[in-house]
Amino acid sequence: MIAKHVPIRSLKKSDFANLANYITDQQSKIERVGYIAFNNCESANLDMAISEILAVQQMNTRTQNDKTYHLIVSFRHGENPSNEVLEDIELNICKTLGFEEHQRVSAVHYDTDNTHMHIAINKIHPEKLTIHEPFKAYKKLSDTCRDLEIKHGLEVDNHMTHQLSSSAKASDMEHH
């Protein structure tokens with residue numbers, strides 16, 4: 001299992017509603033989206049949850065940073081964790097990054113060779129209205145993934161890369 005933050009390239013393109021709609025959209029495929037969860041939202045309806053999250057984001061008028069955090073958790077080929085395991089993984093990863101109390105929408109995709117889960121997180125705390133930016137998230141994600149793999153009997157993966165940033169991006173592009 002590998003967890004990776006997907007940074008948005010332009011602040012103008014950052015839009016929680018678009019991200020949440022993308023990760024929950026079937027895109028005319030029969031088995032694209034599986035498990036969907038809403039955390040720390042009053043509503044269990046996607047449109048209402050998105051409206052709620054956008055309202056919280058608009059209440060923080062001071063920050064100039066991206067208010068949405070996009071995380072992808074990818075599992076090894078052939079691994080298909082149960083919904084209970086997915087819930088535990090999502091909660092533990094968010095807790096590790098400091099997003100336990102933050103609003104989020106999660107969806108599991110089955111449209112590639114590897115099952116993967118998208119997590120769209122509101123970086124604005126719903127009560128304090130402060131923005132949270134995790135410090136050294138890559139290291140925390142690596143340690144948490146290793147612990148969760150052991151806990152849930154998943155195949156252990158290499159989490160820490162020793163490549164240069166440009167080499168890692170080239171490798172990601174090749175895989176894509």
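The values are calculated or read from the model by the stated rules, or taken from the named source; none is laboratory data. These figures come from a predicted structure and were not determined experimentally. Glycine also receives a Cβ, built like all others from the backbone with ideal geometry; neighbour counts cover every protein chain displayed. Surface accessibility is based on the protein's heavy atoms, side chains included, excluding ligands, DNA and RNA. Shrake-Rupley method; radii C 1.70, N 1.55, O 1.52, S 1.80 Å.
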Exercise for the section: Take a quick pass over region 95-148 and tell me how many lysine pairs come in under 18 angstrom between Cα atoms, counting only ones 8 or more apart or on separate chains. Expected result: 7
Completion exercise
region 1-114, convex hull of Cα, quarter of hull surface, nm² -> 7.8 nm²
Fill in the blank from the handout: Heavy-atom accessible area of the chain with neighbours in place, 1.4 angstrom probe: carbon+sulfur share in percent works out to 50 percent
Handout entry: Average projection area in nm² (convex hull over Cα atoms of region 67-113, one quarter of hull surface)
Key = 3.8 nm²
Completion exercise
Computed over region 66-163, the Cα gyration tensor eigenvalues, each multiplied by 5 and square-rooted, give semi-axes in Å (largest first) of 23, 15, 12
Practice task
Go through 30-40, 117-127, 65-75 and give me the packing order, highest mean Cβ count within 10 Å leading.
Solution key: 117-127, 65-75, 30-40
Completion exercise
Hull surface over four for the Cα convex hull of region 24-77, reported in nm², is 5.6 nm²
Handout entry: Å² of accessible area per residue within the chain, as computed with a 1.4 Å probe and no ligands counted
Key = 59 Å²
